[in-house]
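Input: a single structure, listed below in structure tokens.
Readers should treat all values here as calculations from the given coordinates under stated rules, not as data from a laboratory. Fair warning: this is a prediction, and the values are worked out from it, not measured in the lab. Backbone-built Cβ (ideal geometry, glycine too); neighbour counts: all protein chains shown.
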Amino acid sequence: MFGIQDNQKGALSVYYAMMLAVMIPLIFTMMEGARVNAMKMRMECAVDLAMDSVLAEYNRELLKQYDLLFIDTSYDTGRGSLDNTISHMEDYLSYNLKTDKSVVFIGEHSDLLGLESAGIEFTRVSRATDGGGEVFRYMVLSYMLEKYGLAYIDDARDLSEVSETSDLFSGDIEEEEAAAQKELDDYEFEVPQVDDGNGGKMDDPDWEEPDKADPAGNINQIRNTGILGLVCSEEISQQCIDPQRYVTQRNLTAGDGMCPDWDERKGTDYELLFNEYIMDKCGNYRTSKEGSLLKYETEYIIAGKDNDVENLQSVVHRLLLVRGTANSIYFFTDVELMSEAEALASSLAALSMTPELEPIYKGLIIAAWIYAESMHDIKELMAGGRVPLLKKTGEWQLSIENALGLTAGDIEGSKGELVNPTDTGLDYGQYLRLFLFITSKENRVGRLMNVVEMDIRKAGYENFNLDDCIAAATVQFTFHSTYGYEFFMERSFGYE
């Protein structure tokens, strides 16, 4: 009886021993598996938090002025470097991997994971200046699409279509007027022939060359004076820059370009949206920007000169080209205006007894009249007025008497004053949009990046360079554990 009970107890002891031999390794395996999974989860969380923390270190002034998010790897401490960003990321990883930095545990072995960062390497970086500024352009368009959408450019789209179909940059009224004047000045009268008494012919010795009329004398004076000082009422800025210090002429730190999953956003609509960003963020002659280095930033993006005077001069000349061509298109469709020019040319030819000059007078009168009307238009625009892109009946402003009698003093004396206030037509800003539309993408993007650097540096960030700014990156992380494990992880992060 007792022997049987002892045998049963022995059997149970062997059973438990065998079970423990199986269960203990299983339990420890499960515990170790839990440790590994906990390590992976801790690493995932630490990496996500570190990347988010680095993204939160965007340049505040860049966001304030331009609503753009970029990590400035200089951190306003000197020349930018990815090592600076790696150092920041290491700090964030260390804080989130080490429990003793945030939670107090009792005992020396409270950290059951023993994780530490063993290395961080950037394998891909999208710098703002990569691809001629394609990354910068992408971030600009992301902001504009998020805030406004493509519907924002409906008016700009209509303007661009009209300008394309009208071919407004095909002529130069200033050159045409000068050429017409030269044709008159160079004209040589044919000397009448008389009998020389020997059966031959000779020049009439009593003939006197008739005086030529000068219908465009005042206009020539205006043209030779230069129009910038005549049409601008404000004191013109004399600010200039050293182009070697900025993106388009500086040696740049290269990155890896656009992220593979980013849309290139090609097409006219995106170019127009980019132009609207320029108009929204940059100053110009009519709308100055406080704290900017160049006063006429939009004009700089259009013209690309290294000083405000030349940039404004270039834009005013473009205004003259557009207004001259547009006014010419209308003039030759207006029968009344053409009749007045022909009548005056005929009268001048009759009064000066030079009928052969009538067609030359006509061409000069038309060119001078169109030039004067264009000058009037530009003065209105610079004073804050509006001028229709293509005029209609009743919108022509100067009579033939006022046009040919116009003097430089008349224009200068009334600059800054609106002669014809109206709510119709285009203002100065809309003409700038027209000029931006025909400026190459390369120039618009490059010069805008120059402007951004100018303004951010002027705000106190003297070391700011856009090629130090990154919008997205791919990073490889290496982790070691005191329990003998090594892990590798690759993650991408960036602003969307």
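Observations on the structure shown:
- Dipole orientation for the chain: of the candidates Ile438, Leu168, Ile153, Ile153 has the Cα lying most toward the positive pole (charges on Cβ; Lys, Arg +1; Asp, Glu -1).
- Efficiency of FRET from Cβ geometry, Asp306 and Phe332, R₀ 60 Å, rounded to 0.05: 0.90
- Relative contact order %, the stretch 291-400, counting alpha carbon pairs below 8 Å whose residues are six or more apart: 26
- Put a dot 7 Å past the Cα of Lys98, heading toward its Cβ, do the same for Arg35, and the two dots end up 2.1 nm apart.
- Principal-axis tilt of helix 173-186 within the chain, Cα atoms, nearest 10 degrees: 30
- Protection proxy ranking, highest mean first, for peptides 478-490, 460-472: 460-472, 478-490, where packing is the per-residue count of other beta-carbon atoms within 10 Å, averaged.
- Couplings for the stretch 395-407, taken from phi via the Karplus curve 6.51 cos²θ - 1.76 cosθ + 1.60 with θ = phi - 60°, read 9, 6, 9, 9, 6, 5, 5, 5, 5, 6, x, 5, 10 Hz in order; Gly and Pro are left as x.
- In order through the stretch 264-271: 3J(HN,Hα) via Karplus (6.51 cos²θ - 1.76 cosθ + 1.60), integer Hz, x for Gly, Pro: 6, 6, 9, x, 4, 4, 5, 5
- Classification of the stretch 24-79 by its C-alpha gyration tensor yields a prolate form. The axis ratio a/c (a ≥ b ≥ c) is 1.5 or more, and a/b outweighs b/c.
- Test item: Cα-centred dipole of the chain, Lys/Arg +1 and Asp/Glu -1 on Cβ, debye: 3580
- Full extension of the segment from Ala151 to Met19, taken as 0.36 nm per residue of separation minus the current Cα-Cα distance, would add 40.2 nm.
- The stretch 417-459: C-alpha gyration tensor shape, a/c 1.5 cut-off, then a/b vs b/c: oblate
- Whole-Hz ³J(HN,Hα) from phi, Karplus 6.51 cos²θ - 1.76 cosθ + 1.60, for the stretch 347-356, glycine and proline x: 5, 4, 5, 6, 5, 8, 6, 10, x, 5
- In terms of its C-alpha gyration tensor, the chain has a prolate overall shape, because the principal axis ratio a/c (a ≥ b ≥ c, square roots of the eigenvalues) is not below 1.5 and a/b outweighs b/c.
- The GluC sites (Glu not before Pro) found in the stretch 288-392 that occupy coil by DSSP, while having at most 14 further C-beta atoms within 10 Å, are Glu290.
- Listing Thr248, Thr85, Thr422 from fewest to most neighbouring C-beta atoms within 10 Å gives Thr422, Thr248, Thr85.
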